[in-house]
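Undergrad: Dumping the structure here so I can ask a few things about it.
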Amino acid sequence: MEKTEKPESSRKSVKPGKTTTETPTTKTVAAKTSRTKTAKVKVPDEPIPPISPVLREEVVATAAYFLAEKRGFVPGFELQDWLEAEGALKKLPSSRGRNG
């Protein structure tokens, strides 16, 4: 039976004149399947106090700033940024039921 030689890149020199070949090994790892548990969120019994108008304005102004920054501070979109920031604030779960 004739012996087939491996390509030169798979040979490893041990001693001068002697060579050994390495065969790449592959491992198959079975994927573990686990059930993920859904976290239960505790809803507070007392209502969340309303946000002060000053704090609300600061939050909206900061959000509008970051929207403008994302757009590259192109002028003429200030009102759009402000209204979008207000809309985002209203969508937050903690801001529901608040006046403002």
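Undergrad: Taking the Cα centre of the range 53-95 as origin, sum charge times position over the Cβ atoms of Lys and Arg (+1) and Asp and Glu (-1), and report the length of that vector in debye to the nearest 20.
TA: Once rounded to the nearest 20, the dipole reads 180 debye.
Undergrad: Next question. Work out how much length Leu83 to Thr38 would gain on full extension: take 0.36 nm times their residue separation and subtract the Cα-Cα distance, in nm to one decimal.
TA: Contour length minus the Cα-Cα distance gives 12.7 nm.
Undergrad: What distance in nm lies between label points placed 7 Å from Cα along the C-beta direction at Val54 and Lys70?
TA: Spacing of the two 7 Å Cα→Cβ label points: 2.9 nm.
Undergrad: Take Asp45 and Lys91, extend 7 Å from each Cα along the Cα→Cβ direction, and tell me the distance between the two endpoints in nm.
TA: 3.4
Undergrad: Also, I was wondering about something else. Could you sort out which of Lys37/Lys90; Lys40/Lys70; Lys40/Lys91 sit more than 23 Å apart by Cα distance in this structure?
TA: Lys37/Lys90; Lys40/Lys70, as the Cα separations exceed 23 Å there.
Undergrad: List Arg56, Arg71 from most exposed to least, where exposure is judged by having the fewest other Cβ atoms within 10 Å.
TA: Listed from fewest to most nearby Cβ atoms, that is Arg71, Arg56.
Laboratory data are not the source of any read-out in this text; all were calculated from the coordinates shown. Nothing here was measured: the structure is a model prediction, and the numbers come from that model. Cβ atoms come from the backbone with ideal geometry, glycine included; neighbour counts cover every protein chain shown.
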